[in-house]
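Have a look at the structure below, then the notes.
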Amino acid sequence: MSTPARKRLMRDFRRLQQDPPQGVNGSPNPDNIMLWNAVIFGPEDTPWDGGTFKLSLQFTEEYPNKAPVVKFVSNIFHPNVYADGGICLDILQNQWSPIYDVSAILTSIQSLLSDPNPNSPANSEAARLYSENRREYIRRVKEVVQASWMEGTNGDAAAGEGEEEEAEQTEAPAALTATETGTDSTKKEDESTAELTEQERKEET
C-alpha cells in the first residue's frame with residue numbers, strides 16, 4: 001500500500017542515489033521501506049577519520065511530520081550517543097522539521113561526530129573527557145575507529161565462510177555423482193569383458 005510516508009521515503013532514496021552526499025550512504029530494507037540501514041564515514045582530518053559506522057533508521061507512517069528513530073549499530077564513544085546507540089541531536093527531537101530528509105539526517109549526524117555538544121551529554125564519561133582531557137578522549141575515539149575496521153573484516157570473513165560452506169555442499173553431491181558414474185562405467189566395462197570372453201570361448205569350440 002502506498003502512503004504519503006512511503007512515497008516520501010522513495011523520494012528520499014532516489015535523491016540519495018542521484019545526488020549522494022559525501023561520506024554517508026543509506027538504503028531501505030528490501031522487505032520494509034520503513035526500516036533503513038545506513039553507513040557514515042568518519043569526517044576527514046578528525047579523530048574519526050577512517051571509521052565506518054553503521055546505523056539503523058526506523059520510520060513511522062507519520063514521517064516526515066515526525067522524525068525517525070535513529071541509532072548507531074556500531075559501537076560509538078561520543079558525548080551525544082547513548083549506550084544503546086541512541087543519538088541526542090536536536091533535529092531528531094525538538095528541532096525536527098518535515099523539510100529534513102534522510103540525506104540531511106545522515107549529514108547532520110556525521111557533523112555531530114566531530115562537533116559534539118558536551119553540555120547535553122548522553123554519555124557522561126565521553127562528555128567529561130572531551131571537556132577535561134581531550135588527549136584521552138581522542139585516544140578512545142581512535143579505539144572505536146579501529147574497532148569499526150574489525151567489524152567490517154569480521155563481516156567479510158563470515159560471508160567468506162558462508163560461501164566456502166556453500167561451495168563444499170555443492171561439491172559433495174558432484175563428487176558423489178562422479179563416483180557413481182565411475183562405478184557404473186566400471187560395471188559396464190566388466191560386463192563387456194565377460195561378454196567378449198564368452199564369445200571367444202564359443203568361437204574356439
Q: Quick one: accessible surface of Ser124, probe radius 1.4 Å, all protein chains present, in square angstrom to the nearest 10.
A: 90 Å²
**Q.** Stretchable slack from Ile99 to Thr3, in nm (0.36 nm times residue separation minus alpha-carbon distance)
**A.** 32.8 nm
Q: With a Förster radius of 35 Å, plug the Cβ-Cβ distance of Leu35 and Ala147 into 1/(1 + (r/R0)^6) and report the FRET value to the nearest 0.05.
A: 0.90
Q. How much space per residue, in cubic angstrom, does the convex hull of the C-alpha atoms of the stretch 62-117 take up?
A. 83 Å³
Q. Taking the highest mean first, how do the peptides 92-98, 116-122, 51-57 order by number of other beta carbon atoms within 10 angstrom per residue?
A. 51-57, 116-122, 92-98
Q | Other-chain or far-sequence residues with amide H under 5 Å of Ser74's (modelled H) | A | Lys54
(Q) List the residues, sorted by chain then number, that are 5 or more residues from Gly85 or on another chain and whose placed amide H is less than 5 Å from its amide H. (A) none
Q | Solvent-accessible surface ranking, highest first, for Asp19, Asp49, Asp101 at 1.4 angstrom | A | Asp19, Asp49, Asp101
(Q) If I stretch the segment between Ile138 and Asn119 completely, what's the gain in nm (0.36 nm per residue apart, minus their alpha carbon distance), one decimal? (A) 5.0 nm
Q) Suppose every K and R has +1 on its Cβ and every D and E has -1 on its Cβ; what is the size of the dipole of the stretch 1-122 about the Cα centre, in Debye to the nearest 20? A) 480 debye
Q. Got a number for carbon plus sulfur as a percent of the stretch 40-106's accessible area, 1.4 Å probe?
A. 50 percent
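The values are calculated or read from the model by the stated rules, or taken from the named source; none is laboratory data. Owing to the predicted nature of the structure, the values given are computational and were not obtained by experimental measurement. When we count neighbours, we look across all protein chains shown, and the Cβ atoms used for this are built from the backbone with ideal geometry, even at glycine. Protein only, heavy atoms only, side chains kept; ligands, DNA and RNA dropped before computing areas. Shrake-Rupley method; radii C 1.70, N 1.55, O 1.52, S 1.80 Å.
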